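Trainee: Structure incoming, see below.
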Amino acid sequence: MAEPILDIRNLNKSFGALKATDNVSLDLRPGEIHALIGPNGAGKSTLIHQIAGSLRPGSGTIRFLGRDIGALGVPERTRLGLGRTFQISSLAPDYSALRNVMLAVQARQGTSFRFVKAVMRDRSLRDPALEALERVGLAERAHVSAAELSHGERRQLEIAIALALGSKAFLLDEPMAGMGPEGSKALTTFLDGLRAEAPILLVEHDMDAVFALADRISVLVYGRVIATGTVEEIRHNPDVRQAYLGEEG
Ligand SMILES: Nc1ncnc2c1ncn2[C@@H]1O[C@H](COP(=O)(O)OP(=O)(O)O)[C@@H](O)[C@H]1O
Ligand SMILES: [Mg+2]
């Protein structure tokens, strides 16, 4: 079995008396989509925040590319190649898709402030940004403002930014949220291809998408992983059916 890209061991996080993360262990292997599902309030976003570095765990270890990243902040984790998209979009709405990616590339290069016009002419920013848009299938929409993109395209743009930042793994928290069936379908196809670029830890409520995409699924209930397995294993797991899938009849 290949070495995991991301390896989480015995993670715990409490908010007062509430145990939001209860001894969670899971890993993400090269080329896979590992879906994380569970009812609202199960602790999925809390877990993503801890992996991304925006929330400190109470205890436990997070290893990324063989390295303990527990002491690193968000920018350092991003620089190492941990890409995430947000439940709430972080795009600059009035800027074109291209400019959004270029600003991210500029931030990565750590260059000091320059006027936007100078930035837009800079090929060392423009070329990698265009390449990232190409990879996510948004090259033709490069000059459309982020605000005018469809919901699904904005997700793709966020992923283009993560790619331009050199991401080696993706943390996606409910990318299908607020999308119609067509958008979800398009994004499903897109994510299916993305796993070859970098593995994905995918938090998602859309079970059609999860069952279509996941190589493995972990089920989180009250902060605890109650099962990890293939789609078939999870579908037929009696504990999962009772605790979660049963909700839907
Ligand atoms: N910053 C916080 N302070 C206190 N409680 C929180 C905080 N963030 C999340 N929680 C609580 O932790 C639990 C897990 O939340 P969350 O991770 O957002 O769940 P999910 O993403 O699975 O819906 C919920 O009960 C939520 O109310
Ligand atoms: Mg959430």
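The values are calculated or read from the model by the stated rules, or taken from the named source; none is laboratory data. Computed from a prediction, not measured in an experiment: that's the story for all the values here. No Cβ is skipped: glycine too gets one built from the backbone with ideal geometry, and neighbour counts run over all protein chains shown. Surface accessibility is based on the protein's heavy atoms, side chains included, excluding ligands, DNA and RNA. Shrake-Rupley method; radii C 1.70, N 1.55, O 1.52, S 1.80 Å.
Trainee: Grab the beta carbon distance between Asn10 and Leu65, set R0 = 25 Å, and tell me the FRET efficiency rounded to 0.05.
Mentor: Given R0 = 25 Å and the Cβ-Cβ separation, E is 0.80.
Trainee: How much length is gained on full extension from Asp192 to Ala92, taking 0.36 nm per residue of separation minus their Cα-Cα distance?
Mentor: Taking 0.36 nm per residue and subtracting the Cα distance, the gain is 33.3 nm.
Trainee: On to the next question. Roughly how much of Ser124 is accessible, in Å² to the nearest 10, using a 1.4 Å probe?
Mentor: So the heavy atoms of Ser124 present about 60 Å² to solvent.
Trainee: Hey, rough spin-label estimate for Ser150 and Asn40, points 7 angstrom out along Cα→Cβ, what's it come to in nanometres?
Mentor: 2.7
Trainee: Another one. For the chain, what relative contact order do you get, as a whole percent, if you take Cα pairs closer than 8 Å and at least 6 residues apart?
Mentor: Reported relative contact order: 28 percent.
Trainee: Considering only protein heavy atoms and a probe of 1.4 Å, how much of the accessible area of the chain is carbon and sulfur, as a whole percent?
Mentor: Whole-percent figure for carbon plus sulfur exposure: 51.
Trainee: Here is a further query. If you count only protein heavy atoms with a 1.4 Å probe, what accessible area per residue comes out for the chain, rounded to a whole Å²?
Mentor: Counting only protein heavy atoms, the per-residue value for the chain is 48 Å².
Trainee: From the residues Pro4, Thr230, His34, which one has its Cα farthest along the dipole of the chain in the positive direction, the dipole being from +1 and -1 charges on Cβ of Lys/Arg and Asp/Glu about the Cα centre?
Mentor: The listed residue farthest towards the positive side: Pro4.
Trainee: Quick check: residue separation of Leu18 and Phe211 times 0.36 nm, minus the Cα distance between them. What number comes out in nm?
Mentor: 66.5 nm
Trainee: Between exposed chymotrypsin sites (Phe, Trp or Tyr not before Pro) in the chain, where DSSP calls loop and at most 15 other Cβ atoms lie within 10 Å, what's the longest gap?
Mentor: Between exposed loop sites, the widest span is 1-112.
Trainee: For the stretch 1-65, what ratio Rg/Rh do Cα atoms give with a Kirkwood hydrodynamic radius?
Mentor: 0.97
Trainee: Sticking with this one: Subtract the Cα-Cα distance of Glu232 and Arg79 from 0.36 nm times their separation in residues, and report this length gain in nm to one decimal.
Mentor: Working it through step by step, the gained length comes to 51.5 nm.
Trainee: Another question, if that's okay. Whose amide H sits under 5 Å from the amide H of Leu82, counting only residues 5 or more places off or on another chain, with H placed in the peptide plane?
Mentor: It is Lys168, by chain and number.
Trainee: For the stretch 21-29, in order, what is each residue's ³J(HN,Hα) by Karplus, 6.51 cos²θ - 1.76 cosθ + 1.60 with θ = phi - 60°, in whole Hz (x at glycine and Pro)?
Mentor: Per residue, the Karplus-derived 3J(HN,Hα) values read 10, 10, 6, 7, 10, 7, 9, 10, 9 Hz.
Trainee: Same structure again: According to a simple spin-label model (label point 7 Å from Cα along Cα-to-Cβ), what is the distance in nm between Ser54 and His143?
Mentor: Computed distance between label sites His143 and Ser54 equals 3.3 nm.
Trainee: Given a 1.4 Å probe and the protein chains all in place, what does the accessible area of Leu149 round to, in Å² to the nearest 10?
Mentor: Roll a 1.4 Å probe over it and Leu149 shows about 10 Å².
Trainee: P(r) for the chain, please, calculated from all Cα pair distances in 10 Å bins and given in %.
Mentor: Answer for the chain: a P(r) of 7, 31, 35, 20, 6, 1 percent.
Trainee: Report the calculated FRET efficiency for Arg224 and Arg121 (r = Cβ-Cβ distance, R0 = 51 Å), to the nearest 0.05.
Mentor: 0.45
Trainee: Based on DSSP H runs of at least 4 residues, each adding -39500 (n - 2.57), what is the mean residue ellipticity at 222 nm of the chain after dividing by all its residues, to the nearest 500 deg cm²/dmol?
Mentor: Rounded to the nearest 500, it is -11000 deg cm²/dmol.
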